[in-house]
Amino acid sequence: MKVITGQARGRILITVDGLDVRPTTQKVKEAVFSIIQFDVPYAKVLDLFCGSGQMGIEALSRDADFCVFVDSSKKSQEVTKQNLVNTNLLKKARVVAMDYKSFLTTTKDTFDIAFLDPPYNKGILPEALPLLVQKMNDSGIILCEHEDNEEIPTQVGNFKLFRQYHYGRICISTYKNCDAENI
């Protein structure tokens with residue numbers, strides 16, 4: 001797994017061992033960043049369920065201002081920190097040791113881009129999205145990775161399911177604020 005482009009281009013990222021984390025494939029990561037390429041510079045990013053931190057690190061490498069990495073797994077937190085050190089991006093990041101509900105209900109941060117890649121088919125996205133939309137800036141975009149057969153809401157607050165992109169059994173669902181001019 002490598003950083004695709006930007007200041008950390010080509011840097012190899014380590015992953016969490018075991019079956020609990022499934023890193024986003026290079027093909028899906030490239031597709032996601034093609035979708036949001038013009039939204040990334042200067043963005044404040046959230047990498048929720050960060051695993052190895054590769055999505056947030058890719059955003060930072062592409063000139064996002066800051067990224068908050070959240071994971072409840074101590075192993076994931078350690079790997080994310082190591083990847084941030086190895087890519088020289090630690091100064092633009094904060095790694096939070098917390099479950100998603102606690103983080104989303106207590107943080108004062110707001111975000112322009114949010115990546116959500118929770119464990120598949122556990123019903124987490126329908127629980128996390130209502131908490132997350134309260135932390136999104138009006139012009140923000142939410143990107144959720146999930147299995148294509150997983151049911152997700154078509155609208156959460158002012159954020160509406162904008163587009164879905166399918167890559168085999170993986171689906172990337174994007175949400176945008178239907179009251180904002182960017183939809």
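Structure data summary
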{"item": "Residue in segment 34-43 that is more than 22 Å from Q164 (Cβ to Cβ) and open to solvent by 20 Å² or more (accessible area, probe 1.4 Å) present", "result": "yes"}
{"item": "Filter pass, T174 being part of a helix (DSSP H, G or I), surrounded by 14 or more Cβ atoms within 10 Å (Cβ to Cβ), touching a residue at least 12 places away in the same chain (Cβ under 8 Å) and within 17 Å of the chain's Cα centre (by Cα)", "result": "no"}
{"item": "Positions within segment 155-169 being under 17 Å from the mean Cα position of the chain (by Cα) and open to solvent by less than 40 Å² (accessible area, probe 1.4 Å), in sequence order", "result": "F159"}
{"item": "Hey, T154 farther than 19 Å from G51 by Cβ, without any contact (Cβ under 8 Å) to a residue 60 or more places away in the chain and β-branched (V, I, T) or not", "result": "yes"}
{"item": "Test: E127 is surrounded by fewer than 20 Cβ atoms within 10 Å (Cβ to Cβ), in a helix (DSSP H, G or I) and acidic (D, E)", "result": "yes"}
{"item": "Tally, over segment 15-52, of residues that are part of a loop (DSSP other than H, G, I, E, B), modelled with pLDDT of 90 or more and aliphatic (A, V, I, L, M)", "result": "2"}
{"item": "Filter pass, S61 being closer than 14 Å to L89 by Cβ, in contact with a helix residue (DSSP H, G or I) (Cβ under 6 Å, 6 or more places away or on another chain) and open to solvent by less than 60 Å² (accessible area, probe 1.4 Å)", "result": "no"}
{"item": "Sole residue being hydrophobic (A, V, I, L, M, F, W, C) and either modelled with pLDDT under 95 or open to solvent by 50 Å² or more (accessible area, probe 1.4 Å) (or both), chosen from I152, I141", "result": "I152"}
{"item": "Selection status of K108, free of Cβ contacts under 8 Å to residues at least 12 places away in the same chain and assigned to a loop (DSSP other than H, G, I, E, B)", "result": "yes"}
{"item": "Within segment 74-102, considering residues that are assigned to a helix (DSSP H, G or I) and aliphatic (A, V, I, L, M), the one least open to solvent (accessible area, probe 1.4 Å)", "result": "L84"}
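The values are calculated or read from the model by the stated rules, or taken from the named source; none is laboratory data. Computed from a prediction, not measured in an experiment: that's the story for all the values here. Cβ coordinates were reconstructed from backbone atoms using ideal geometry, including for glycine residues, and neighbour counts include every protein chain displayed. Just the protein is used for accessible areas: all its heavy atoms, side chains included, with ligands, DNA and RNA removed. Shrake-Rupley method; radii C 1.70, N 1.55, O 1.52, S 1.80 Å.
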